[in-house]
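Here's the structure we're looking at; comments come further down.
The values are calculated or read from the model by the stated rules, or taken from the named source; none is laboratory data. Bear in mind that the values here come from a model prediction, so they are computed numbers and not experimental data. All Cβ positions, glycine included, derive from the backbone under ideal geometry; neighbour counts span all protein chains shown.
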Amino acid sequence: MIELNKLHTDLHTFSLEIVAESVRNLDLLKDAQPTQSQLNRLIAQMTADAAFASKSIVAIQNLNIPIDIDGSISERLQKAQNNTNKLCDRLGFMYKASEGVGRLTRSGIEYTFTEAIATADNLHDILGILRTVVSKPIQSTEEWISKFFVA
């Protein structure tokens with residue numbers, strides 16, 4: 001029971017933090033082309049968030065009971081997932097716009113941009129899985145595979 005309460009508290013806090021972070025990241029990218037250090041910090045944060053979400057998925061699976069009875073965590077994770085999708089789109093748009101005028105190769109951040117886009121896409125997918133399992137843990141291997149691969 002203590003483990004369940006701790007996991008619920010951790011996920012509640014994480015869902016609040018990741019929504020705030022995703023809004024902040026969108027605001028940072030609204031007006032200016034990001035620097036390489038900004039992109040590196042963004043990548044590090046999204047990687048840490050994805051790692052926490054992955055560990056939470058495993059913990060929920062081990063407990064094998066729903067964590068989010070009232071739907072509040074799932075709702076915030078959905079918002080974070082939507083914002084992460086917008087972030088991925090914005091990064092892609094900025095990449096394309098910069099690529100067309102040769103800014104990426106001159107600034108040397110082309111690889112960092114593609115890594116940021118891939119990391120945002122990965123976080124988006126992991127948040128989707130976490131959003132599913134907080135309400136209903138996935139039982140079978142087939143269910144797990146269907147979350148990662150679309151048939």
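Going residue by residue through the stretch 31-47, is there one that turns out to be closer than 12 Å to ILE126 by Cα and surrounded by fewer than 15 Cβ atoms within 10 Å (Cβ to Cβ)? Checked the stretch 31-47: at least one residue is closer than 12 Å to ILE126 by Cα and surrounded by fewer than 15 Cβ atoms within 10 Å (Cβ to Cβ). ASN82 meets the conditions (1) surrounded by 14 or more Cβ atoms within 10 Å (Cβ to Cβ); (2) within 19 Å of ASN122 (Cα to Cα); (3) more than 12 Å from the chain's Cα centre (by Cα) in every case but one. The failed one is (3).
Here's a check for you: in the stretch 109-134, which residue that is surrounded by 15 or more Cβ atoms within 10 Å (Cβ to Cβ) and over 21 Å from ALA51 (Cβ atoms) is modelled with the highest pLDDT? Ranking the qualifying residues of the stretch 109-134, first place goes to PHE113.
Among the conditions (1) assigned to a helix (DSSP H, G or I); (2) modelled with pLDDT under 90; (3) over 18 Å from GLN38 (Cβ atoms), GLN81 misses just one, which is (2). For the stretch 53-71, the candidate set comprises residues that are part of a helix (DSSP H, G or I), among the hydrophobic types (A, V, I, L, M, F, W, C) and surrounded by fewer than 17 Cβ atoms within 10 Å (Cβ to Cβ); within that set, the residue that is nearest to the chain's Cα centre (by Cα) is VAL58. Contact annotation: residue pairs with Cβ atoms under 6 Å, 6 or more positions apart or on different chains, pairing a residue in the stretch 70-96 that is within 19 Å of GLU17 (Cβ to Cβ) with a partner that is outside any helix (DSSP H, G or I), are SER74/ASP68. All told, SER74 falls short of being over 20 Å from HIS124 (Cβ atoms), at pLDDT 90 or above, of a type in the set (Ser, Thr, Tyr) and assigned to a helix (DSSP H, G or I).
When we screen GLU3, GLU21 for residues that are in a helix (DSSP H, G or I), exposed (fewer than 15 other Cβ atoms within 10 Å of the Cβ) and among the charged types (D, E, K, R), the only hit is GLU3. In this structure, is ALA32 over 30 Å from LYS136 (Cα atoms) and of a type outside the set (Asp, Glu)? Here the answer is yes, as ALA32 does meet what is asked.
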